[in-house]
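The values are calculated or read from the model by the stated rules, or taken from the named source; none is laboratory data. Remember, it's a predicted structure, so these values are computed and weren't measured experimentally. Here Cβ is always computed from backbone atoms with ideal geometry, including for glycine, and neighbour counts include all displayed protein chains. Just the protein is used for accessible areas: all its heavy atoms, side chains included, with ligands, DNA and RNA removed. Shrake-Rupley method; radii C 1.70, N 1.55, O 1.52, S 1.80 Å.
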Amino acid sequence: MQDKTEVLQEWIQNSDNVVFFGGAGVSTESGIPDFRSVDGLYHQKYDYPPETILSHTFFMRKPEEFYRFYKDKMLCLDAQPNMAHVRLAQWEKSGHVKAVITQNIDGLHQKAGSEEVMELHGSVLRNYCMRCHRFYDAQYMKEADGVPSCECGGMIKPDVVLYEEGLDDTVMMKSIQYIAKADVLIIGGTSLVVYPAAGLIDYFRGKHLVVINKSATSRDKNADLVIEDSIGKVFERIQVK
């Protein structure tokens, strides 16, 4: 394991064009539940399965039920960045990391100091009235009784991509550009089963493809380096100047 970490450290140190593509596993170490892990949301008991609750249709038809689940399970506002977030922010400032592309909606990369963050699935930190488009922060959503409503009377929707909704075209295009131009692409904390996000990996044409995940992924066979471990623990061991 140490040898692999040293190899990764050398690749990052010698590059000024590293791109990181991350998923839920990056945030589980900050106490945010992973939808698909053994102890994740998908294995807990609710009146409806999470993939149903987190759909556009369900949000529109049963907003009370949606928000009861959303505020209880999705708004982890006390969560703090872990070493994965911290290291990526440091490497961006030192000129090694060009961008972070994340499937997470928690805003922890920005909280750690990363500036160039592509949020494929949106963010719980941004919320807008569906009628007048007024902005509301996550704390307002957390404290609202029942379905959060705007002063104009409209229902407020999180700026989060729900099932049945398309990803933002601008975010997708910028993510593709970053991946296509990267020298090193590090995939971390994701099972790579959520599309179209996972399909972005196909645009990589650089030197080194790295996969860091606790379990095997479909991209392991194509990777130049595979580390089966916690992303935070791996990054903590890497010292880049």
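Using a 1.4 Å probe and counting only protein heavy atoms, arrange T190, T170, T28 so the residue with the most accessible area comes first.
The ranking, largest first, comes out as T170, T28, T190.
Top to bottom by accessible area (1.4 Å), largest first, where do F204, F59 land?
Highest to lowest solvent-accessible surface, that is F204, F59.
What figure, in Å² to the nearest 10, do you get for the accessible area of D72 with a 1.4 Å probe and non-protein molecules left out?
Its heavy atoms expose roughly 100 Å² to the probe.
Give me the accessible area of Y128, 1.4 Å probe, in Å² rounded to the nearest 10.
Only protein atoms counted, so the area is about 80 Å².
Which cross-chain or sequence-distant (5 or more) residues have an amide H under 5 Å from the amide H of L225, H modelled 1.01 Å from N in plane?
Under 5 Å from the amide H of L225 lie the amide H atoms of L209, V211, each far enough along the sequence or on another chain.
In whole Hz, what ³J(HN,Hα) sequence does the stretch 71-77 give by Karplus (6.51, -1.76, 1.60; θ = phi - 60°), x for Gly and Pro?
5, 7, 10, 9, 8, 9, 6
How far is helix 83-93 tilted off the main Cα axis of the chain, in degrees rounded to 10, range 0 to 90?
In the chain, helix 83-93 runs at an angle near 70 degrees to the longest axis.
In degrees between 0 and 90, to the nearest 10, how far off the longest principal axis of the chain does helix 169-181 point, with axes built from Cα atoms?
Once rounded, one gets 10 degrees.
Pick from E143, E64, E51: which is most flexible by mean-square fluctuation in a GNM of the chain where alpha carbon atoms under 10 Å apart are linked?
Of E143, E64, E51, the Gaussian network model singles out E143 as fluctuating most.
With a 1.4 Å probe and every protein chain left in place, work out the accessible area per residue of the stretch 71-140 in Å², rounded to a whole number.
Accessible area per residue, the stretch 71-140: 44 Å².
How large is the dipole of the stretch 47-174 about the Cα centre if only Lys and Arg carry +1 and Asp and Glu carry -1, each at its Cβ, rounded to the nearest 20 debye?
Using only the charged Cβ atoms, the result is roughly 200 debye.
Given springs between every Cα pair under 10 Å in a Gaussian network model of the chain, which of K73, K98, K157 has the largest fluctuation?
Largest GNM mean-square fluctuation: K73.
Sort M130, M141, M172 from largest to smallest accessible area, using a 1.4 Å probe on the heavy atoms of the protein chains.
M130, M172, M141
Not counting ligands, DNA or RNA, and with a 1.4 Å probe, what is W11's accessible surface area in Å² rounded to the nearest 10?
The accessible area comes out at roughly 50 Å².
Residue-wise, which Karplus ³J(HN,Hα) couplings in Hz belong to the stretch 205-218, taking 6.51 cos²θ - 1.76 cosθ + 1.60, θ = phi - 60°, and x for glycine or proline?
The phi angles translate into 10, x, 7, 10, 9, 10, 10, 10, 7, 5, 10, 5, 10, 5 Hz.
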